[in-house]
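Here the structure comes first, spelled out in structure tokens, and everything after it is commentary.
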Amino acid sequence: MAVRVGVVGCGYWGRNLVRVFHELGVLCAVCDVDVALATEFSSEYSVPSLEWVEILEDSSIDAVAIATPAEVHSTQALQSLQAGKHVFVEKPLALHSYEAEEIIALANQGERVLMVGHLLQYHPAFLALRDLTEAGKLGRLQYIYSNRLNFGKVRREENVFWSFAPHDISMILSLTGEMPNSISAKGASYLHKVIADVTNTYLTFPSGVNAHIFVSWLHPFKEQKLIVVGSEGMAVFDDMKGWGEKLQLYPHRIGWREGLPEPEKGAAEAVSIQQGEPLKIEAQHFVDCVSDGSTPRTNGAEALRVLKILEETESILAEQRLGGG
């Protein structure tokens with residue numbers, strides 16, 4: 001079927017969705033509370049600029065891509081599903097688990113595709129990394145850690161964990177295939193007394209895998225790195241490197257001689273990956289799911305798992321603030 005997608009929100013990130021859905025030949029309308037901005041994109045991409053209610057009422061629009069502020073994601077996703085639309089919504093799906101559960105139930109009831117923009121699950125380097133782990137190239141997974149650091153973009157509607165960490169949570173859950181049975185976290189607020197600028201979160205999984213996520217928007221340089229340690233090797237996904245170096249495999253392992261551990265280092269190997277824009281791959285995946293009725297890789301259930309970890313971590317950070325810890 002020929003899918004027609006309307007993009008709601010043409011701002012900082014939404015403009016990228018407008019572009020990729022246009023490049024895929026499925027963009028049919030744009031919408032933004034800033035009428036001048038919507039008109040600008042309407043002119044650039046030769047599609048109508050519509051009001052939100054017009055998007056909902058237009059039966060020729062099959063799907064809605066939502067890139068509005070996080071606090072309205074749940075409302076707009078519900079309204080879209082009630083109007084019979086398939087829904088792509090940028091992370092987070094909602095600000096509360098109960099809202100996400102309501103959205104998921106409605107999507108299932110109406111047999112509509114619901115997909116959440118956990119972008120890095122569609123990055124060619126991460127897809128290759130996941131294939132490596134599933135093929136046992138790293139042996140038994142032991143430890144995963146991620147750094148997502150930058151100087152800005154500082155937000156006031158959410159803390160750094162909500163802003164930066166969903167991507168890393170999503171990747172870690174994908175690699176482990178399970179939910180953590182223990183979470184601990186520490187945060188620090190330097191610019192505003194109740195909004196964390198730096199957080200460290202520790203996850204323990206039933207299989208014995210441990211993970212930690214370090215995020216900060218008060219860092220001197222940009223770093224986006226995921227490191228996976230296994231019993232037979234280690235892998236580094238460094239999104240700041242060029243395509244030829246984004247995914248490196250280190251065949252390091254620990255050998256035992258006379259009962260003592262001895263590091264056995266191997267030369268790093270660049271893993272060959274097919275280049276591609278993650279956002280365009282993600283958008284194509286959504287279009288394909290709408291076309292053939294398949295379940296998205298980052299569906300509502302996956303988004304809910306990420307949201308539950310966000311909520312629990314936020315609760316821990318709030319208790320620390322109240323307790324002065």
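Just so you know, all these numbers are worked out from the coordinates, no wet-lab data involved. What you are looking at is a predicted structure, and each value in this text was computed from that prediction instead of being measured. Neighbour counts are summed over all protein chains in view; Cβ atoms, including those assigned to glycine, are modelled from backbone coordinates with ideal geometry.
Rank by packing, highest mean first: peptides 255-264, 122-131, 56-65, with packing defined as the count of other Cβ atoms within 10 Å averaged across residues.
Numbers: 255-264: 8.0, 122-131: 20.4, 56-65: 18.7.
Most protected by this proxy first, the peptides run 122-131, 56-65, 255-264.
What number, rounded to the nearest 500 deg cm²/dmol, is the helix-based mean residue ellipticity at 222 nm of the chain, given -39500 (n - 2.57) per DSSP H run of at least four residues and division by all its residues? The partial results should precede the final answer.
Values: 10 runs with 117 residues, N = 325.
Value at 222 nm, helices only, nearest 500: -11000 deg cm²/dmol.
So, with +1 on the Cβ of K and R and -1 on the Cβ of D and E, and no other charges, what is the size of the charge dipole of the chain about its Cα centre, to the nearest 20 debye? Please report the intermediate quantities before stating the final value.
On the way: 27 positive and 41 negative charges, 199 e Å.
Charge dipole, the chain, about its Cα centre: 960 debye, nearest 20.
Would you calculate the volume per residue, in Å³, of the smallest convex hull containing every Cα atom of region 108-261? Provide the component values of the computation, followed by the final result.
Details: hull volume 26.1 nm³, N = 154.
Dividing the Cα hull volume of region 108-261 by its residue count gives 170 Å³.
With equal scatterers on the alpha carbons only and no solvent term, can you work out the Debye log10 of I(q)/I(0) for region 222-312 at 0.13, 0.15, 0.23 1/Å?
-0.73, -0.87, -1.11
Can you grab the distance from the C-alpha centre of region 192-248 to the C-alpha centre of region 120-180, Å, no decimals?
Computed from Cα coordinates, the inter-centre distance equals 7 Å.
On a straight-distance basis, which lysines could pair with K91 in a cross-link, Cα separation under 30 angstrom, same-chain partners fewer than 8 positions away excluded?
K153, K186, K193, K222, K225, K241, K246, K280, K308
Computed on alpha carbon atoms, what radius of gyration and Dmax characterise the chain, expressed in Å?
20.9, 74
Tell me which DSSP H helices of the chain clear both cut-offs, 27 Å or more of axial length from alpha-carbon atoms and a mean Kyte-Doolittle hydropathy of at least -1.0. Intermediate values should be presented prior to the final figure.
On the way: long enough: 300-323 (34 Å, 0.06).
Flagged H segments are 300-323.
Just how large is the dipole of region 5-112 about the Cα centre, in debye to the nearest 20, putting +1 at every Lys and Arg Cβ and -1 at every Asp and Glu Cβ?
260
Averaged across orientations, what area in nm² does the convex hull of the alpha carbons in region 5-112 project?
On the way: hull surface 24.4 nm².
Spelled out: convex hull of the Cα atoms, projected over all directions, averaged, 6.1 nm².
Run through every distinct alpha carbon pair of region 197-255 and return the Kirkwood hydrodynamic radius in angstroms, one decimal place.
Numbers: mean 1/r = 0.0742 Å⁻¹.
Answer for region 197-255: a Kirkwood hydrodynamic radius of 13.5 Å.
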